[in-house]
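Worksheet for the structure shown next.
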């Protein structure tokens, strides 16, 4: 506290304080006022640190930033990996827009980095995006987009399984736990052109 308030420290073994010149920047994802109430954070330290407070909303609260961030990360990893991705498909963007992003921007960056690595085309498709613990943002009140997002995710999953089994539809159907006729119906329902996707792979 002395270092923060008086800008002085007492070196070990010294009897004289030493002046320091510092600017302290702190960050947290916790509600510190609640932490103080529950006696998990010192109130005096809070008021010494909280000179200028900036609240940064989570990524799921500012979805309008997602397309800009996606574009930025694609450019970044294109340059690092010598790739030539020009963007993401509409289906892929729907997935990204409806995901919860509990890991915020770092999670989004990791997803785009992985997609750039595995993308076979110059446009990142839903098949290229792997979202861990996928959860469409129904909790954010975007129910009107939920059905489209789920279809895009389902299409991506089917494409990944087909690719895993070298586009053997019988093996893919077994892995997905559906009959072959059901898989063909999904092709029609989700607009999966097997010949086109296989050629792209």
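Values as computed for the structure displayed
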item: Answer from 71, 113 - the residue that is in a helix (DSSP H, G or I), within 29 Å of residue 28 (Cα to Cα), in the same structural domain as residue 191 (by TED's automatic domain parsing) and in contact with a strand residue (DSSP E or B) (Cβ under 8 Å, 6 or more places away or on another chain); result: 71
item: Of the criteria (1) over 24 Å from residue 157 (Cβ atoms); (2) over 14 Å from the mean Cα position of the chain (by Cα); (3) touching a residue at least 12 places away in the same chain (Cβ under 8 Å), which one residue 122 fails; result: (1)
item: Exclusive hit being at pLDDT 85 or above, under 21 Å from residue 1 (Cβ atoms) and surrounded by 10 or more Cβ atoms within 10 Å (Cβ to Cβ), set 75, 37; result: 37
item: Residue check for residue 76: assigned to a loop (DSSP other than H, G, I, E, B) and closer than 30 Å to residue 157 by Cα; result: no
item: Within the stretch 167-182, considering residues that are in contact with a helix residue (DSSP H, G or I) (Cβ under 9 Å, 6 or more places away or on another chain) and assigned to a loop (DSSP other than H, G, I, E, B), the one nearest to residue 127 (Cα to Cα); result: 167
item: Subset of the stretch 1-38 (residues that are farther than 27 Å from residue 103 by Cα, out of contact with any strand residue (DSSP E or B) (no Cβ under 7 Å at 6 or more places or on another chain) and free of Cβ contacts under 8 Å to residues at least 24 places away in the same chain); result: 6, 10, 12, 13, 14, 15, 16, 21, 22, 23
item: Meets criteria (within 19 Å of the chain's Cα centre (by Cα), more than 24 Å from residue 155 (Cβ to Cβ) and exposed (fewer than 13 other Cβ atoms within 10 Å of the Cβ)) for residue 61; result: yes
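Table: residues versus (1) at pLDDT 70 or above; (2) in contact with a helix residue (DSSP H, G or I) (Cβ under 6 Å, 6 or more places away or on another chain); (3) surrounded by fewer than 21 Cβ atoms within 10 Å (Cβ to Cβ); (4) not in a helix (DSSP H, G or I).
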residue: 106; (1), (2), (3), (4): yes, no, yes, no
residue: 121; (1), (2), (3), (4): yes, yes, yes, yes
residue: 133; (1), (2), (3), (4): no, no, yes, yes
residue: 145; (1), (2), (3), (4): no, yes, yes, no
residue: 154; (1), (2), (3), (4): yes, no, yes, no
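The values are calculated or read from the model by the stated rules, or taken from the named source; none is laboratory data. The model shown is predicted, which means the values in this text are computed figures rather than measured ones. Note that each Cβ is placed from the backbone with ideal geometry, even for glycine, and that neighbours are counted across all protein chains shown.
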